[in-house]
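All of the numbers you see were taken from the coordinates with simple rules; none came from a lab. On a predicted model such as this, the values are computed, not experimentally measured, just so you know. Glycine gets a Cβ as well: all are built from the backbone with ideal geometry, and neighbour counts include every protein chain shown.
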Amino acid sequence: MEDSGESMSQSHGRTIGGELLRNYAFCKLGFPKMLKSFGFNQEQIHHAALQVIGRLLHPAGELETVYWAKNVSALGELLGTDFSHIRENSLYRASDLLMKHQDAIESHLARTERRLFGLNEKIILYDLTNTYLEGAFEGSKKAKRDYSKDKRKDCPLLTLALVVDEDGFPKGSKVFPGNVSEPDTLKEILEGLKVMRNSHLSLFEDKTTIVIDAGVATEDNLNLLLSEGYHYACVSRTRLEEIPAEGFLEFETRSGGEVFVKKMEVGKETFLYCQSEGRKKKEGGMKFRFMKRVSRRGWKPLNVH
């Protein structure tokens, strides 16, 4: 900082507000002590902190994170270390070490967050998505080509699975091959939840409800959930044959639309049947666009309802 009497100039300014908050959370969650117990030395702990905090404040690859640490952020000063000579290879090695202990780190964070925030953990959401990789990745065992949710058919994919509780706190994650069958992933995820049960999380004091989408909710998976002692909530893959016209409750959506809801007991299962004019119009539009594409190609589909 220079002061010439009438004006003031500043050089080498750095950000510190976000770094203070994230570093406080990093320490409060017990990261430094945990990493030390895994055999991390002090430099490796600092590099791990840069990876974690950098991803939160400045999401980017290792090369950009190195630039951010050297030229923008005061995280190095906050940690009591010097990042001026750090290179991206150091961050790659830090990532490899963190991945080596992924399961133990996630289990530790789940226990600590439950204690700090008093989490109920009675509803667990499990979902998957995929991400694409730009490059051949010929040496990767998990980078595979399949349907891309980002519409990048030209790129190999990875499937990302995440388990969160009703408050949005992660309980675990997994990276599957890009062409994995989504229903086949549930069994492995349940094995991870068993580890949480053995660590005495409140999650398993009472029956937990696992929320899954229709892509995972096969009959075999629903039976698996029941056999493991869970409740489940999902979008049904089948439609009910008979739906009585009476007994619907009417609700108004935030946008002013109307939704009609009816609860029905069928065998040992509870169905929540919903009718929505907005949904009806959306499905009608999808059907119209499909028919338009078909007619443009000269096809003559039969019995499209």
Simple Cβ-charge dipole of the stretch 13-100, Lys/Arg +1 and Asp/Glu -1, about Cα centre, in debye nearest 20: 280 debye
Share antiparallel - DSSP beta bridges, the chain, percent rounded to 5: 80 percent
Dipole magnitude of the stretch 124-247 about its Cα centre (Cβ charges: Lys, Arg +1; Asp, Glu -1), debye to nearest 20: 620 debye
Cα centroid separation - the stretch 213-229 against the stretch 79-96, whole Å: 44 Å
Most mobile of M291, M99, M34 in a GNM of the chain (Cα contacts under 10 Å): M291
Whichever lysines have a C-alpha closer than 17 Å to that of K268, once near sequence neighbours (fewer than 8 apart) are set aside: K207
Label-to-label distance, nm, for residues given as K70 and K281 (7 Å Cα→Cβ offset): 5.5 nm
FRET efficiency for S148 and E6, using Cβ-Cβ distance with R0 set to 41 Å, rounded to 0.05: 0.10
Evaluated at q = 0.11, 0.15, 0.20 Å⁻¹: base-10 log I(q)/I(0), Debye formula over Cα of the stretch 120-237: -0.40, -0.70, -1.06
Contour excess over end-to-end distance, with Cα ends at R115 and A25 and 0.36 nm allotted per residue: 31.0 nm
Relative exposure of K171, K281, judged by other C-beta atoms within 10 Å (fewest first): K281, K171
Paramagnetic label zone (point 7 Å from Cα along Cα-to-C-beta, I123; backbone N under 19 Å) in the stretch 164-188: 164-172
GNM flexibility winner over the chain from T15, T253, T131 (Cα, springs under 10 Å): T253
Lys/Arg +1, Asp/Glu -1 at C-beta; the stretch 239-305 dipole; positive extreme among Q275, V261, M286: M286
Base-10 log of normalised Debye intensity for the stretch 41-80 (one unit scatterer per alpha-carbon) at q = 0.15, 0.18 Å⁻¹: -0.29, -0.42
Rg(Cα) / (2.2 N^0.38 Å) computed for the chain, rounded to two decimals: 1.32
M99 paired with K141, simple spin-label distance in nm, labels 7 Å along Cα-to-beta-carbon: 1.2 nm
Nearby lysines by direct alpha-carbon distance to K100 (threshold 16 angstrom, same-chain neighbours under 8 apart not counted): K36, K174
Additional length obtainable on full extension of the chain from Y92 to F288, 0.36 nm per residue less Cα span: 65.6 nm
Gaussian network model of the chain, springs between alpha carbon atoms under 10 Å - residue of L222, L56, L128 with greatest fluctuation: L56
Straight-distance crosslink candidates among aspartates and glutamates, where the alpha carbon sits under 15 Å from K263 and sequence neighbours closer than 8 are dropped: E241, E242, E246, E250
Cα-centre dipole for the stretch 12-160 with unit charges at Cβ (Lys and Arg positive, Asp and Glu negative), debye to 20: 380 debye
